[in-house]
Structures are given as C-alpha cells and as structure tokens.
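**Q** Sharing a structure with you now.
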Amino acid sequence: MYQDRVGHLNSEISTTPADLKDTLLRIVHGNIRSSLMIWGAPGIGKSSIVADVAAGLGLNLVDLRLSQLAPTDLRGLPVPGDGIVKWYPPEFLPRDGKGILFLDELNMAPPALQGVAQQLILDRRVGNYQVPDGWFIWAAGNRKEDRASVFDMPAPLANRFLHFHVAPDFESFKRYALENGIHEHVLAFLSFRPALMHKLTPGEPAWPSPRSWEMASRLKAAGVDVSAAVGRAAALEFNAFVRLYDQMPDLDAILAGRAKAEFPEEPSARYAVVIGLTVRCADFSSVSGDQIRNAGTWIGQLAPPEWFQLFVSDLVRLARTREDGMRYLQPLLRDPRVREAVATIRSLLFE
C-alpha cells in the first residue's frame, strides 16, 4: 500500500516548514486546484502553516479533523421526502466565497470515512453537496514511522494528490518564534540545542516538538515547569540552561549603551546573550533604532564575527517580514562593522 512506502522516503525530498509555506502561497497564486497532501511528523506545524497561508491571503479556512468525524458527519444525514431520500450536508462545509477546505489527520480516519472523503477530494462533491469553485482542498497526515495510529491510504486516493513531505527545521522555527513572541529562554535554548527541537520519545506522553515548545513558552511565561509540555528529560536540560541567565550581562544596559561586561566564553551563555538581545530588538514597537545599534555595536566589538552575523541576519530577516521594519534597523545598518559584514549576508539583504 502507498502508506507503507511513505515511511521509507528519502529525506532529501523533504521540505522545510518555511519552504512549504512559500510553496503553498505559490500554489494559491497560481490557482492550482489539484488536491494536495502534507506528510510529516506530529507537532512540526503542518496545521499552523495552512492557517498562516489562509490568514495571510485573506482566505476562509475550514479545518476538519477527520479522525473525530463519522461518515454521516461528512456525507450528511438522509432525510425522506416526496418518495425519495435526500442527503442534507453538514453546515460546516463551505457554500460560497473563497478559501481552503483542510482535511487534517486524513489517514487517521477509518476506511469508511476515508471513502467519503475520497469522493469529496476526487469529485469536489459528496451527496448533494458541491465544493464551491473558489475553494482549495488540502489535507495532512502523519506517517506510520511517527508512531501515529494511521490507516493505509488507498492507492487511487493517493494518486489524486500532490504530495509534500515536511521535516523539522530549526531555522524555520526560529523565524516563527521571533515573529510570534516565543519566550526568549525557549529560543535561546533551542539555538544551543537544536537537536531537542523535535525528538519523539517512545512511551512518553510529553516530548519535544515545535508545537510542545510553543506550549512550553506559555508555561514559562506563567512560571510553570515546562516538563508537562516537553517531557522530563528535555525540561531538565532547559532548566539548567535557564539558570545561565542569572550569570549573563545586563541586557538592558547593553541596549542603553552603557554596558561594560565582556562577551561570555561559555557557548551556552553566548547563545543566551545573543538570542536575548535579538528577541528584545525584534520588538520593534518598543525598542528604538539607537538601542538596536547599541546591541549590535556591543556584539560587534566584543564577540567573534559569527555571533555578530547571527544577530544581524536574524534581525534583517525578521524586519523584512514587517511593514516598514527595515526603518528600525537603519542606525545599525549604517554602522561600519555591519558594512563589513554585508558581503557575508548580501543574499539575505538584497535577495
């Protein structure tokens, strides 16, 4: 069966979450109406990517978790009348406008429900219901190798999809984290230990993934231990890392241009300092261009070049996603040290 082969796909054909989002945007702009299937491990953000695409393009989104539905929930209910039985479709299916009909957890649905979904995907209709012309039909699911309780996908159904395989990627998560206010302790820790961004732990109910680290971010902000989200082993490492923050230079003093501390020697402390400054500078609504320049000057004068490049690259990448974001970086970008680094980040600045 097709599903058996999915677990053995070469990782070279996988895409990152950031690249998948770009691809989905191109598909919408190109008006490609072929149904598509997104494969990937649980917790890496498949559903969030689809939601971001819909929100960014102003499209409606109907998100159906098929594993939680019965066949009659999708096909509708039979209602007798005038000697015939009519099928009344459910109210949650779209009837007008433009949007994305997202069939999540498709291969976790039992075969009977997959059969109904197949008609919706192949024919854009089920019973008396017709999918409006302005709607795309996308789906997502996990693989058997992810220890998910999935059913085999029939070959005829699989052959009707465009298939995209997405893999965990720290750079994609970091970009998302900077844009969405993920706690700086979480981002700094994962910059130091990217292997713990996604680590499926057999037999454990809580384990690290982009989704669970986002939950951990909210727990951390509320003063609650993060082990409930990411598991005990990852939480032990995270908590040990967080204790470094008590030994860090005063980040507020660095932003104010009056810091006298040296750049740390310990690698984990270096990540904590640079990411901490990046997160603070990324809040363009409450930080000034001079404060961003002060942070860049401090790192540029005291840190090895790769740390300065990391700081500038992350800020430029984030600024380019914000309206008028580059304006906040002008004092920093006029700094001579930044001009020296432009050659190494030219593709980022001018692509």
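The values are calculated or read from the model by the stated rules, or taken from the named source; none is laboratory data. Please read these numbers as outputs of a predicted model, since none were measured by experiment. In this analysis, Cβ positions are derived from the backbone assuming ideal geometry, glycine residues included, and neighbour counts consider all displayed protein chains.
**Q** Taking the conditions exactly as written (in contact with a helix residue (DSSP H, G or I) (Cβ under 8 Å, 6 or more places away or on another chain), in the same structural domain as ILE32 (by TED's automatic domain parsing) and part of a helix (DSSP H, G or I)), does ILE121 satisfy them or not?
**A** Taking the combined requirement at face value, the residue satisfies it.
**Q** Considering only the range 94-108, I want to know if a residue exists there that is out of contact with any Phe, Trp or Tyr (no Cβ under 6 Å at 6 or more places or on another chain), loosely packed, with under 14 Cβ neighbours inside 10 Å and more than 24 Å from ILE32 (Cα to Cα).
**A** no
**Q** Looking at PHE102 and the list (1) touching a helix residue (DSSP H, G or I) at 6+ places or on another chain (Cβ under 7 Å); (2) part of a helix (DSSP H, G or I); (3) not aliphatic (A, V, I, L, M), which single condition is not satisfied?
**A** Every condition holds for PHE102 apart from (2).
**Q** Among the residues of the range 62-93, count how many are surrounded by fewer than 18 Cβ atoms within 10 Å (Cβ to Cβ), of a type in the set (A, V, I, L, M, F, W, C) and in contact with a helix residue (DSSP H, G or I) (Cβ under 8 Å, 6 or more places away or on another chain).
**A** Counting residues in the range 62-93 that are surrounded by fewer than 18 Cβ atoms within 10 Å (Cβ to Cβ), of a type in the set (A, V, I, L, M, F, W, C) and in contact with a helix residue (DSSP H, G or I) (Cβ under 8 Å, 6 or more places away or on another chain) gives 2.
**Q** Another question, then. Among the residues of the range 275-288, is any touching a Lys or Arg at 6+ places or on another chain (Cβ under 8 Å), β-branched (Val, Ile, Thr) and assigned to a helix (DSSP H, G or I)?
**A** no
**Q** Another question, then. Out of ARG218, ARG243, ARG211, I need the residue that is modelled with pLDDT under 90 and outside any loop (DSSP other than H, G, I, E, B). Which one?
**A** On the way: ARG218 fails: modelled with pLDDT under 90; ARG211 fails: modelled with pLDDT under 90.
Residue meeting the stated conditions: ARG243.
So that you can scan it fast, the table gives a plain yes or no per residue for (1) in contact with an Asp or Glu (Cβ under 9 Å, 6 or more places away or on another chain); (2) at pLDDT below 90:
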site: ARG125; (1), (2): no, yes
site: LEU157; (1), (2): no, yes
site: PHE164; (1), (2): no, no
site: ARG175; (1), (2): yes, yes
site: LEU178; (1), (2): yes, yes
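Residues are listed down the side, and each one gets a yes or a no for (1) touching a residue at least 12 places away in the same chain (Cβ under 8 Å); (2) closer than 14 Å to LEU178 by Cβ:
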residue: ALA261; (1), (2): yes, no
residue: PRO267; (1), (2): yes, no
residue: GLY276; (1), (2): yes, yes
residue: SER286; (1), (2): no, no
residue: ASP290; (1), (2): yes, no
residue: ALA295; (1), (2): yes, no
residue: ILE299; (1), (2): yes, no
residue: ALA303; (1), (2): yes, no
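**Q** Separate question: Starting from the range 104-131, take each residue that is on the phi > 0 side of the Ramachandran plot and list its partners that are buried (at least 19 other Cβ atoms within 10 Å of the Cβ) and part of a helix (DSSP H, G or I), counting only C-beta distances under 8 angstrom and pairs at least six apart or across chains.
**A** Every condition considered, the pairs that remain are GLU105/LEU66; GLY127/ARG75.
**Q** To continue, here is another question. Restricted to the range 234-282, and to residues that are of a type in the set (Val, Ile, Thr) and touching a Leu at 6+ places or on another chain (Cβ under 7 Å), which residue is farthest from SER209 (Cα to Cα)?
**A** ILE254
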